[in-house]
Amino acid sequence: MTHRNLVILTGSGISAESGVPTFRAADGLWMGHRVQDVATPEAFARDPALVQDFYNQRRRQLAQVEPNAAHQALAELAARWDGDLLLVTQNVDDLHDRAHASTPPAAGFELIHMHGELLKAQCTATGQVLDWPGDLAPDQPSPFRPKGRLRPHIVWFGEWPLRMDRIEAALAACDLFVSIGTSGAVYPAAGFVQLANHAGARTVELNLEPSLGSRFFDDARYGPATEIVPAFFA
Ligand code: BV8
């Protein structure tokens, strides 16, 4: 059966070979920090300087990394796919964006950053989002509202992921779901495979090793993303 409606979910494992650190490779620490100290609204309220600096460092690191063969394989797939292709990434880096910018996708393609983007900021008063490639000061003034401040445009733990209606509609209509480079540790992304199964889709996991949700997938390929992703979509 030729597949028409494809949903691809990616996690930090697809960017690992570009040199972007994953979340759980370390001993539960993330670049030396506990998640609850840098990736929650409470952390930002408690210590805005620590949180802004954590994201400033990661934003600056983007200048040193490039998309890898796995990102490029998805860009080439999107350029030739003649159905609907929704690429949902949990990653806040811009490596997918850069790969698709240099290999323009066909009409049925959409990229969603469900956990936000390092290169954007948002106003704490209005929620408005703007491009922001530089460092954010602990009390960075917002251009939208005098009392507003700018925070990273990042979905922290305890906050709702972005575009969930669009993602759930695509999962309900898909006939192929491919998860790439994610541990299946964080919800709601970790539950997407079960939504795809309910829709009757074929579900495939491409990862370095079995994820926490590997039992939910029809099929799997294990190995480095730069090898298994181009091979799977060849
Ligand atoms: C929400 C932005 C509703 C930050 C991120 C109990 C049960 C169920 C859920 C919960 C629960 N308690 C709390 C929750 C909710 C919580 C959650 O799931 N917690 C977990 C820890 C239990 N989820 C939330 O809070 C979410 N929101 O639920 O909204 C709500 C609303 C209000 C109040 C309550 C509920 C929001 C979650 C978003 C958090 N933000 N990112 C930032 O980036 O700074 S999450 C962050 O970790 C990433 O974005 C990613 O999504 C997530 C998981 O990371 P992965 O991408 O999977 O990376 P990881 O390191 O874990 O794995 C890498 C994988 O790659 C590994 O498998 C490895 O083998 C593989 N790999 C490595 N190298 C390679 C490779 N594969 C291939 N090739 C390689 N070379």
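The values are calculated or read from the model by the stated rules, or taken from the named source; none is laboratory data. A quick note: this is a predicted structure, and the numbers were derived from the prediction, not measured. Glycine also receives a Cβ, built like all others from the backbone with ideal geometry; neighbour counts cover every protein chain displayed. We work out accessible area using only protein heavy atoms, side chains counted, and drop any ligands, DNA or RNA first. Shrake-Rupley method; radii C 1.70, N 1.55, O 1.52, S 1.80 Å.
Has segment 50-60 got at least one residue that is away from the ligand (no atom under 15 Å from the Cβ) and free of Cβ contacts under 8 Å to residues at least 60 places away in the same chain?
no
Need pairs with beta-carbon distance below 7 Å; first residue over 19 Å from ALA49 (Cα atoms) and within segment 117-145, second among the hydroxyl-bearing types (Ser, Thr, Tyr); sequence gap 6+ or separate chains.
As it stands, the answer is PHE144/THR126; ARG145/THR126, since those pairs meet every condition given.
Out of everything in segment 185-222 that is farther than 22 Å from MET164 by Cα and more than 9 Å from the ligand (Cβ to nearest atom), what residue ends up being most open to solvent (accessible area, probe 1.4 Å)?
ARG215
Please give the helices (runs of 4 or more DSSP H) falling wholly within segment 1-70 in which 3 or more residues are over 18 Å from the mean Cα position of the chain (by Cα).
Fully inside segment 1-70 and qualifying: 41-46, 48-61.
Can you tell me how many residues in segment 145-162 are more than 13 Å from the ligand (Cβ to nearest atom), open to solvent by 20 Å² or more (accessible area, probe 1.4 Å) and modelled with pLDDT of 95 or more?
Residues in segment 145-162 being more than 13 Å from the ligand (Cβ to nearest atom), open to solvent by 20 Å² or more (accessible area, probe 1.4 Å) and modelled with pLDDT of 95 or more: 1 in total.
Do we have PRO105 as assigned to a loop (DSSP other than H, G, I, E, B) and outside the structural domain of TYR55 (by TED's automatic domain parsing) here?
When the stated conditions are applied, PRO105 passes them.
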